[in-house]
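Down below is the structure, laid out as structure tokens.
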Amino acid sequence: MDAQVSSEISMFYGWWQLSVCLFAFLSLMAIWYHIGKKQNDYGPVWLALSVLCWTFSGLVEIVYLNNNGLYPHFKDGLRSILSLTNSLFILMALPWFKYLPKPLAPLIKSKFWPYIIGIPFAFALFPTLFKMFLVREAYVINELDVVYALLTLIFLGFVLWESFIKRRLPLLGWLALITILVTLLAQIYKLMDNTINLLLFSAIFKTSLIMLFFALALSWVKELTETVIPEPHQLKLLFGKTGNQKNGGATSVTLIGFPGNKDRIVRLTPALYRLLRTFAERKLNSTDNWLEIKPKNFEASKSYDINDHNELKRLLEALLNGLFGKKNWTRDKHYNPLKSTLFEMSENRERKIRLHIPKENIHIENE
């Protein structure tokens with residue numbers, strides 16, 4: 001291909017990378033500033049910084065297009081350093097992900113994670129800095145960041161898949177895997193002397209990864225809105241058959257009022273279902289709608305509505321597991337707010353509890 005045409009393509013690619021990645025960096029930081037900052041979640045910041053590395057890589061492409069100076073491979077060295085730093089920032093973001101694959105979670109969450117990713121980064125960085133100022137074949141420099149990128153892609157692929165699947169977004173999970181495969185192909189092209197194809201694959205995988213980062217941010221925002229616990233006057237309970245007896249419909253309760261238009265149907269064990277229904281019936285049919293929890297030194301001749309506090313705890317945990325999935329909720333953001341929404345403790349009488357939901361929000365169908 002004509003040298004002038006190749007130079008023009010490289011110039012176009014440099015400006016494209018500089019402008020698009022800078023815009024993506026600012027957008028991701030804006031999302032973090034408005035939402036993630038309040039959640040004390042710095043994962044989006046690391047992802048934004050990884051995109052910023054691509055911005056500087058585009059700047060290097062423009063500045064050193066026709067000026068290699070005294071060091072012919074100085075441009076390749078700078079790009080390799082930025083590629084290494086990009087991979088490092090992505091790996092630094094992984095511990096902030098809410099959903100991690102079980103085999104990798106202990107490793108990523110461990111206190112040794114910065115050393116696990118930092119030591120290989122240093123081993124790749126220092127030889128690259130050394131070789132930048134020596135006349136060596138460019139592929140020797142490229143091999144170092146490619147190996148580190150492969151490590152990054154393996155971890156990133158598993159984490160993205162787990163994040164999208166746990167948030168019930170399987171199509172995005174498959175798109176994430178396809179993007180990882182395309183990125184792997186682009187890393188292979190780095191080892192080949194084919195500038196045009198390398199630029200093409202780089203543009204494709206960088207665009208795809210940036211869009212995945214935004215999809216990840218939107219899925220995170222979606223989950224935050226869907227897991228908001230409504231106030232007592234906003235929540236409605238519907239008891240009745242939601243399926244046939246074989247599938248456990250008689251022990252299902254429908255919760256209406258969560259964000260989104262979809263009603264939440266939760267299946268409970270017969271014992272927990274009877275307990276929640278007892279709360280509802282007492283609220284509807286009695287002026288003294290309190291249920292009493294059995295004390296430790298209870299009277300043998302007296303019957304109590306609730307055996308112990310653990311029974312209430314099991315009920316709340318079963319509801320949360322049905323609403324958000326097992327281990328997808330926390331005590332501070334879900335358990336305590338749901339307890340406050342559903343139940344009201346007596347101020348004057350200990351061990352007395354009743355539903356906090358208005359009686360007009362409770363509906364019991366004939367079973």
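For this structure, a couple of remarks:
- Solvent-accessible surface of protein heavy atoms, probed at 1.4 angstrom with all chains present, puts Leu151, Leu18, Leu268 in the order Leu151, Leu18, Leu268, largest first.
- Cross-link pairs Lys109/Lys236; Lys98/Lys283; Lys262/Lys352; Lys262/Lys359 - those with Cα-Cα distance over 28 Å: Lys109/Lys236; Lys98/Lys283; Lys262/Lys352
- Pair Ala203, Leu218: separation of 7 Å Cα→Cβ label points (nm): 2.3 nm
- Rg [Å, one decimal], Dmax [Å, integer] - the stretch 40-123, C-alpha atoms: 15.9, 50
- Inter-label distance for Thr254 and Asn285, nm, one decimal - labels placed 7 Å from Cα along Cα-to-Cβ: 2.2 nm
- Accessible area of Phe123 in the full protein assembly, 1.4 Å probe (Å², nearest 10): 150 Å²
- Residue ranking by accessible heavy-atom surface, 1.4 Å probe, largest first, among Ser208, Ser219 comes out as Ser208, Ser219.
- A 1.4 Å probe, protein heavy atoms only, puts the accessible area of Thr251 near 30 Å².
- Of the residues Trp46, Trp113, ranked by 1.4 Å probe accessible area with the largest first, the sequence reads Trp46, Trp113.
- Subtracting the Cα-Cα distance of His34 and Arg314 from 0.36 nm times their residue separation leaves 97.2 nm of extension gain.
The values are calculated or read from the model by the stated rules, or taken from the named source; none is laboratory data. Everything quoted here is computed from the prediction, not taken from an experiment. Virtual Cβ from ideal backbone geometry, glycine too; neighbours counted across all protein chains shown. Remember, those area values only see protein heavy atoms, side chains included, never the ligands or the DNA or RNA. Shrake-Rupley method; radii C 1.70, N 1.55, O 1.52, S 1.80 Å.
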